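What follows is a short report on a single structure.
The values are calculated or read from the model by the stated rules, or taken from the named source; none is laboratory data. Quantities reported herein were computed from a predicted structural model and do not represent experimental measurements. Heads up, the Cβs are rebuilt from the backbone with ideal geometry, glycines too, and the neighbour counts pull from every protein chain shown. When the accessible area is computed, the model is the full protein with side chains, heavy atoms only, and any ligands, DNA or RNA have been set aside. Shrake-Rupley method; radii C 1.70, N 1.55, O 1.52, S 1.80 Å.
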Amino acid sequence: MINQIRPLTALPRFKSLWRIKGQLVRAVHPKAAAYAFVLVLIGFNFYPNIHARFALATATAFALMASSIMGAKTIIERQNDMERNRVFTVMHAPELFWFWASISSLCLATIIRVWYSSRATALFCLGVWAMGLSYAYLRQMFFLNNFVMAACFALPILAAAVPHWRARMDQWLVAVALCLLVFIKEIYSDIHDRIIDRGYKLTFSSYNARAYKSASMFVFLLLALLFALLLFCSHTAFRWLTPVVLILGVANYDVFQNPDHAAKARVYIDATICLLMAATIISQFV
């Protein structure tokens with residue numbers, strides 16, 4: 001257990017970093033980076049006249065930014081991870097810190113590259129990055145922590161609109177739908193982790209032993225809002241997703257009866273997010 005008492009900023013050996021490279025990558029949530037990269041490119045596809053190098057630089061910046069945000073969250077919450085039997089972040093905290101520092105440095109370098117193409121977009125990147133890094137410090141702020149995570153997930157699709165100082169209506173609608181979906185997923189995560197988070201993170205579900213039912217009813221309201229958005233919007237991507245939202249409603253009812261099924265509901269959310277992204281891409285070429 002000697003790794004547990006090493007200072008966080010202790011410089012590790014390269015050999016030790018290479019030996020645990022797979023676990024380090026998983027600790028910064030590469031799926032979040034992939035989502036951010038694709039969402040930025042989807043956003044730029046709304047504006048076909050923008051230079052491809054600028055689009056790739058911005059997408060790379062957001063991908064690295066997502067890994068930096070999730071890595072910082074993992075480092076800050078490493079002691080709470082012990083409750084989940086995740087000992088890696090405690091045992092290898094210095095390695096994780098320097099891996100995160102490397103990713104953050106690459107992210108900053110990429111944002112500097114974006115600055116030469118669009119200062120407004122670079123400032124937008126820095127703003128989203130700062131908001132995302134604040135997430136781990138908002139765990140005692142009711143619902144604000146969920147909203148910050150949802151906003152950070154949805155904002156990359158609006159990056160392409162920043163140089164134009166306004167976004168298209170269909171672009172805004174996709175961003176709002178993504179924000180709602182991720183917000184719902186965060187509530188499901190709170191329901192799933194309600195016992196572990198008690199006393200560490202203030203959530204709807206950990207605040208009271210029966211509060212998960214109130215949280216589940218709140219999710220019903222958000223699903224109704226999302227359903228209305230999809231039903232009355234003429235955008236092709238939304239029309240295709242209407243039946244999927246009904247399936248989410250069924251999944252939420254299952255959680256209302258048994259909160260231990262919240263993990264299954266999160267899978268539905270992830271699938272819906274992927275479907276929304278795919279439908280948006282297809283609708284751009286139809």
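Computed quantities for the displayed model
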| item | result |
| --- | --- |
| Gain on full stretching of the segment that runs from Leu56 to Ala109 - 0.36 nm per residue minus C-alpha separation | 17.7 nm |
| Separation of the Met169 and Ala101 label points, Cα + 7 Å toward Cβ, nm | 5.1 nm |
| Efficiency of FRET from Cβ geometry, Gln23 and Ala130, R₀ 30 Å, rounded to 0.05 | 0.65 |
| Probe 1.4 Å - accessible area at Ile50, Å² to nearest ten | 40 Å² |
